[in-house]
Every structure is written in structure tokens, then in C-alpha cells.
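What follows is one structure encoded as C-alpha cells, with my remarks underneath.
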Amino acid sequence: MTHVTSPFAGSFAKNADREYTVRGIVGQAPAGGADVGEVLAAVGPVKNTDTAGWARAWRDLGERVDRYAVEATGPTARWASLRAANYLAVAADAAGAADDDAAASDLFSAHRAAWERFAAALPTPAERVDVRLDDAVMPGFFFRGGPGARSTVVFVNGSDGSVSGLWGTGVAAALERGHHAYVFDGPGQQSMLIDQGVPFRPDWENVLRPVVDALVARRDVDAGRLVVWGISQAGYWVPRALSSEHRFAAAIVDPGVVDVSTSWFDHIPASLVRLLDAGKDARFDNEMALGMRVSPGTAATWAFRARPLGTTGYAATLRRIREFALTDEQAAAITTPLLITSPEEEQFWPGQSARLAEMTPAVSQVISFTAAEGAAGHCEPLARTLVHERVLDTLSAVMAR
């Protein structure tokens with residue numbers, strides 16, 4: 001569960017989780033979602049062991065830029081709102097990981113307010129398009145591309161990504177290339193978890209189906225040119241959905257994920273896994289609790305990652321996450337052309353992009369990224385411009401067939 005990546009290791013922070021967080025935010029800069037200098041100035045002085053200082057640095061940065069955005073007008077207000085939304089999202093996560101639920105809730109509310117200001121202030125304002133899912137509502141935003149735009153790219157976030165982060169992760173690039181774009185929070189993600197208490201679920205065919213229904217009902221959406229783009233853990237959710245939702249003309253996963261649980265089990269001793277497999281849950285939970293007491297950082301990461309699953313207890317959490325795995329039968333049912341990114345030094349699900357391609361040989365195409373290109377690591381955080389160029393150019397070729 002720890003973020004580890006070798007190229008440029010330690011460039012921004014000695015702590016690996018913080019390093020990855022800073023990379024993700026810095027990677028938003030080309031699309032206007034961060035200013036590198038203000039990020040590094042804020043987090044650079046924070047000591048490796050200073051958890052409170054880390055959370056405070058992001059809160060202070062986000063709130064300062066947010067005040068600036070509110071006081072400004074025109075493009076300054078718009079872009080400062082986007083930066084504030086991204087910084088406040090990290091601040092909310094940091095507060096949540098520190099078990100400060102009240103602060104996390106307030107910061108998340110401020111994050112969403114900043115994001116909605118940005119979305120409303122675009123030259124073509126985003127349209128709020130919410131989609132009902134059972135007894136809950138998935139909040140969504142529809143961005144219109146330029147004149148003549150026909151394709152619509154549906155972005156599916158990962159386990160803890162913010163909706164504002166999707167702007168720099170692909171939305172801006174898609175709009176620039178003449179696509180419409182749609183972003184939303186699904187089960188366990190952001191507002192659905194925080195405001196509605198809806199946890200993760202593995203069966204994303206039942207999540208994307210109502211999204212597709214809502215989009216194809218629009219006059220500005222070509223039902224034959226829908227694309228879905230899954231980021232991070234959505235590298236599992238999207239293929240799972242494609243096993244029975246066949247209305248997408250093409251799909252992208254960054255990266256491919258076959259079994260979500262490996263990123264959890266890779267950090268658990270084999271002796272403990274044997275206890276779990278033997279059904280000795282009480283003993284497993286006791287052993288895990290002892291280990292967490294001597295590693296507060298690991299305990300905080302576990303609590304943060306486990307919260308969206310809606311489970312209680314270590315064993316129950318791991319049993320639930322094991323349900324997030326693509327079967328051979330499901331993979332064989334995928335008929336949608338599938339583009340799979342494969343970065344070097346993938347730290348969460350190494351080798352799974354290749355495995356997904358092996359399971360879907362008739363429809364898949366692997367797009368590789370290397371450390372030599374500066375594009376190593378999970379979701380290529382420091383090379384989003386290159387990713388957008390390579391992936392969207394390949395998508396155009398696929399859509400032209």
C-alpha cells in the first residue's frame with residue numbers, strides 16, 4: 001500500500017506517500033491545476049515525521065489560493081479556483097488520514113465549492129448532470145467540446161482521486177481535441193462516500209449503465225461515439241463494466257488492473273495470509289492490530305484506504321477487496337476496443353496491464369511509457385502531456401476505423 005517509484009526518487013519528499021502526492025499535484029500544472037513553485041514552497045519545509053505539519057501545509061496553501069480566487073475576477077478567478085480545488089482535496093485527504101473527520105469534511109466542502117466555481121466560470125460552463133444510482137445520486141459534470149464535437153469521453157476516477165484532478169488527468173486534453181467530456185463521482189468516491197455514505201462496489205457494469213443511459217438521451221451526444229477512460233483503480237472497474245456494457249465505442253485504462261487486492265496483500269506477511277485463508281479471522285485481526293500499533297503511518301494509510309469499502313475489521317476488509325478481480329469469463333466477454341497504458345515502475349499493480357492484455361487479446365492494445373521519457377510510475381504523474389498525446393492520438397486512430 002506504500003507508494004514507491006524509483007525514477008527521480010525523493011525529488012520532492014523523503015516519505016514515499018508524500019512523494020507520490022506531490023508528483024500527482026505537480027503533474028496537474030500543464031493544464032492549470034497547480035503552480036509548481038507554490039506547491040514546493042508549501043511542502044518543502046515539512047519534516048518527514050511531521051504529520052500535522054503536512055496536513056497544515058496543504059490546508060494553508062489551499063485556503064490561501066481559495067481566498068485569492070474568491071477576490072479575483074475573470075481568468076485569474078477561474079484558474080485560481082482550480083488550483084485551490086486540487087490543493088484542498090489533498091488537505092481533506094490528509095485530515096482524513098489523521099482521523100480529523102470534522103476538518104476533512106470542512107475541507108472537502110471547500111474543495112467542491114472551488115471546483116464548482118471553476119466549472120461554472122469556463123468559457124463554456126460545465127453543465128451539472130447527476131445520475132441516479134439505486135437510492136443515491138452520482139454528481140456529474142458535462143463539458144462541451146468545440147463546434148462539431150461528436151465523441152464523448154466518460155472519465156472514471158480511481159479510489160481516492162478528486163473530480164478536480166480529472167481536469168488535468170485528461171478532461172482538458174480531451175476538450176482540446178474536440179471531444180465532449182463527462183466526470184462524476186461513483187460509489188465510494190468523494191462526495192458519494194463523504195456526503196451519502198455509499199461505499200465501493202465491484203459490479204461497475206451496474207454503475208456505468210445508468211451513466212450511459214443518461215448521456216445517450218442527450219441531443220449533443222452521439223450514442224455511437226462514447227468512450228470511457230478509467231484512471232488508477234478504475235483500471236479494474238472499466239473492464240469489469242465492459243464485460244456486459246457494450247455501448248462504448250472504445251475504452252482506455254490507465255493502467256490495466258486485473259486484481260485490486262494484490263496492492264493490499266503484497267504488504268501482508270504470508271503467515272498472516274494463511275490465517276485469513278484458514279478462516280481464523282479473530283486471530284488475524286489481533287495480529288494485524290498489533291502490527292499497526294508499532295507503525296502509526298501504516299495504520300493511518302490502512303484506515304484511509306479501507307474507509308471507502310464500508311467494512312469493519314481487517315479480515316472483512318481484505319475479503320471484500322478480493323471481490324474486486326476480473327475473471328477470465330468476464331474478460332472474454334469484452335468486445336470494446338481497449339487501450340491499456342503500461343508504465344515502467346508501476347507500483348500498485350505491476351504486471352497487470354500485460355495480464356489484462358493477455359486476457360483480452362482480440363480487443364486490446366498496450367501503450368507503454370518508460371522512465372527514460374520521465375513517464376514512470378502509477379498513472380505517469382509527471383508526464384501527463386505525453387500520456388494525453390499518445391493515448392488520444394491512438395484513440396483517434398481507433399475511432400477512425
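Numbers at a glance
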quantity	calculated
The range 202-231 - residue that is basic (K, R) and under 17 Å from A174 (Cβ atoms) and, of those, nearest to the chain's Cα centre (by Cα)	R225
Residues of the range 204-221 that turn out to be touching a helix residue (DSSP H, G or I) at 6+ places or on another chain (Cβ under 9 Å) and open to solvent by 30 Å² or more (accessible area, probe 1.4 Å), as a count	2
Subset tally (residues that are over 11 Å from the mean Cα position of the chain (by Cα) and either surrounded by 24 or more Cβ atoms within 10 Å (Cβ to Cβ) or not charged (D, E, K, R) (or both)) for the range 150-175	12
Count of residues meeting criterion [under 15 Å from F265 (Cβ atoms) and surrounded by fewer than 17 Cβ atoms within 10 Å (Cβ to Cβ)] in the range 297-314	1
Boolean, V183 is closer than 30 Å to L382 by Cβ and modelled with pLDDT of 95 or more	yes
Count of the range 199-213 residues which are assigned to a helix (DSSP H, G or I), out of contact with any Ser or Thr (no Cβ under 7 Å at 6 or more places or on another chain) and either more than 15 Å from F155 (Cβ to Cβ) or polar (S, T, N, Q) (or both)	4
The lone exception for A331 - which of (1) among the small types (G, A, S); (2) more than 29 Å from A98 (Cβ to Cβ); (3) out of contact with any Leu (no Cβ under 9 Å at 6 or more places or on another chain) it fails	(3)
Residues of the range 89-135 classified as surrounded by 15 or more Cβ atoms within 10 Å (Cβ to Cβ), touching a residue at least 40 places away in the same chain (Cβ under 8 Å) and not in a helix (DSSP H, G or I), total	5
Among residues of the range 38-74, those that are within 30 Å of A120 (Cα to Cα) and over 24 Å from the mean Cα position of the chain (by Cα), counted	10
In the range 230-289, residue surrounded by the fewest Cβ atoms within 10 Å (Cβ to Cβ) [restricted to those that are outside any helix (DSSP H, G or I), among the polar types (S, T, N, Q) and out of contact with any helix residue (DSSP H, G or I) (no Cβ under 8 Å at 6 or more places or on another chain)]	S232
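Results for (1) in contact with a Lys or Arg (Cβ under 8 Å, 6 or more places away or on another chain); (2) under 19 Å from S162 (Cα atoms), shown as yes or no for each residue.
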site: P202; (1), (2): yes, no
site: N206; (1), (2): no, no
site: R209; (1), (2): no, no
site: V228; (1), (2): no, yes
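The values are calculated or read from the model by the stated rules, or taken from the named source; none is laboratory data. It should be emphasised that the depicted structure is a prediction, and the values quoted were computed from it without experimental measurement. Note that each Cβ is placed from the backbone with ideal geometry, even for glycine, and that neighbours are counted across all protein chains shown. These accessible areas exclude ligands, DNA and RNA; they are computed on the full protein's heavy atoms, side chains included. Shrake-Rupley method; radii C 1.70, N 1.55, O 1.52, S 1.80 Å.
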